[in-house]
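Heads up: the structure comes next, in structure tokens.
Read-outs: derived from the displayed coordinates by stated rules, not from any lab. From a predicted model like this one, the values you see are computed outputs, not experimental measurements. All Cβ positions, even for glycine, are placed from backbone atoms using ideal geometry, and neighbour counts span all protein chains on display.
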Amino acid sequence: MGSRRTVLRGGRLGGAAGAEVDRGGPLQPRRGVSYWCHAGHESRPQLASDVPAPDTWDCAVCGQPAGADKDEPPARVGMAGASHKTPYEFLMMRRTEAEGEKLLAEALDNLHATRTPSRRSR
Ligand SMILES: [Zn+2]
């Protein structure tokens, strides 16, 4: 088993890194701005301090517009019918519900129907 080697050599690497930082100039100061979408997701984009913060930001979670005011987020867009239902849609829901109950009743009848003969065969 082996001879020990010093793997890290400080000088060269350090010099190169220093040169790169110098070339880029001082780091731009950044600020985190919080935006909240209608669903309450928080997005914190890092903005350069010399760029004015936009009024809205696309939510990182759901893609909806998010605003800087948590209590009054911008309205949702592009999802027609997700939250607003027309009277017609309510009508359809009720009809489906009624039909569902009817189907349930029929299913229960069938259950009894299948139970009874199996009992009798005993
Ligand atoms: Zn969201």
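Quick look at the values:
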{"item": "Cβ-derived FRET efficiency at R0 41 Å, residue 86 paired with residue 112, nearest 0.05", "result": "0.55"}
{"item": "Residue order, fewest to most surrounding Cβ atoms within 10 angstrom, among 103, 27", "result": "27, 103"}
{"item": "Whole-number percent relative contact order across the range 40-80, with pairs defined as alpha carbons under 8 Å at least 6 apart", "result": "30"}
{"item": "Estimated distance in nm for a label pair at residue 72 and residue 28, the labels positioned 7 Å out from Cα along Cα-to-Cβ", "result": "3.0"}
